[in-house]
1. Is there a residue being under 14 Å from the mean Cα position of the chain (by Cα), surrounded by 10 or more Cβ atoms within 10 Å (Cβ to Cβ) and not charged (D, E, K, R) anywhere in the range 88-100?
2. Quick check on the range 55-63. Is at least one of its residues over 16 Å from the mean Cα position of the chain (by Cα) and either more than 23 Å from Gly10 (Cβ to Cβ) or open to solvent by less than 60 Å² (accessible area, probe 1.4 Å) (or both)?
3. Scan the range 1-29 for residues that are of a type in the set (A, V, I, L, M), surrounded by 12 or more Cβ atoms within 10 Å (Cβ to Cβ) and part of a loop (DSSP other than H, G, I, E, B) and jot them down.
4. Where the second residue is open to solvent by 80 Å² or more (accessible area, probe 1.4 Å) and of a type in the set (A, V, I, L, M) and the first is farther than 18 Å from Trp26 by Cβ and lies in the range 87-115, which pairs have Cβ atoms under 7 Å and are six or more apart or on separate chains?
5. Of all residues in the range 30-43 being part of a helix (DSSP H, G or I) and aliphatic (A, V, I, L, M), which is nearest to Gln92 (Cα to Cα)?
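The values are calculated or read from the model by the stated rules, or taken from the named source; none is laboratory data. Everything numeric here is computed off the predicted structure, so don't read it as measured data. Virtual Cβ from ideal backbone geometry, glycine too; neighbours counted across all protein chains shown. Just the protein is used for accessible areas: all its heavy atoms, side chains included, with ligands, DNA and RNA removed. Shrake-Rupley method; radii C 1.70, N 1.55, O 1.52, S 1.80 Å.
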Amino acid sequence: MNIIIGFFTGITAAMGLGGGFILIIWLTIWENVAQKSAGGINLLFFLPIALISIILHSKNKLIEWKILPIICIGGALGVGLGLFLFKTLDDQLLQKAFAVLLLPVGLRELFHKKNV
């Protein structure tokens, strides 16, 4: 089953949909992995997926290289804040914060009218 979860996580991650949420939910709920460990596993999982995605999206000219430095700076600042929160918050609070984040995102995806 873990291979199937990894497969679908990789697909959604490569599509830019943030497949890590699937992996974290699977690890914490069904595999009983601590929230902090699941986050670390997710980050390690992300590295090869990101590299493959960058190569493929770059070949298809789908990367806006001009805005990349700005996004990287924002990402680095976010990593700093995230690491601080990660070190200070316990697993229970992190799980609740993750659920609070997922709920509005999921509801928006379910009910938001898409402009196609």
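1. There is at least one residue in the range 88-100 that is under 14 Å from the mean Cα position of the chain (by Cα), surrounded by 10 or more Cβ atoms within 10 Å (Cβ to Cβ) and not charged (D, E, K, R).
2. Restricting attention to the range 55-63, the residues satisfying the condition of being over 16 Å from the mean Cα position of the chain (by Cα) are 55-63.
Restricting the remaining residues to those that are either more than 23 Å from Gly10 (Cβ to Cβ) or open to solvent by less than 60 Å² (accessible area, probe 1.4 Å) (or both) gives 58, 63.
Taking every residue of the range 55-63 in turn, at least one turns out to be over 16 Å from the mean Cα position of the chain (by Cα) and either more than 23 Å from Gly10 (Cβ to Cβ) or open to solvent by less than 60 Å² (accessible area, probe 1.4 Å) (or both).
3. Within the range 1-29, the first condition is being of a type in the set (A, V, I, L, M), and the residues that meet it are 1, 3-5, 11, 13-15, 17, 22-25, 27, 29.
With the extra rule that they be surrounded by 12 or more Cβ atoms within 10 Å (Cβ to Cβ), the set shrinks to 5, 11, 13-14, 17, 22-25, 27.
Correct list: Leu17 only.
4. none
5. Filtering the range 30-43 for residues part of a helix (DSSP H, G or I) gives 30, 35-43.
Subsequent filtering for residues that are aliphatic (A, V, I, L, M) retains 38, 41, 43.
Working: Ala38: 13, Ile41: 18, Leu43: 20 Å.
Out of the qualifying residues, it is Ala38.
Residues are listed down the side, and each one gets a yes or a no for (1) at pLDDT 90 or above; (2) more than 22 Å from Ile11 (Cβ to Cβ):
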position: Gln35; (1), (2): no, yes
position: Ser53; (1), (2): no, no
position: Trp65; (1), (2): yes, yes
position: Leu85; (1), (2): no, yes
position: Leu107; (1), (2): no, yes
position: Val116; (1), (2): no, no
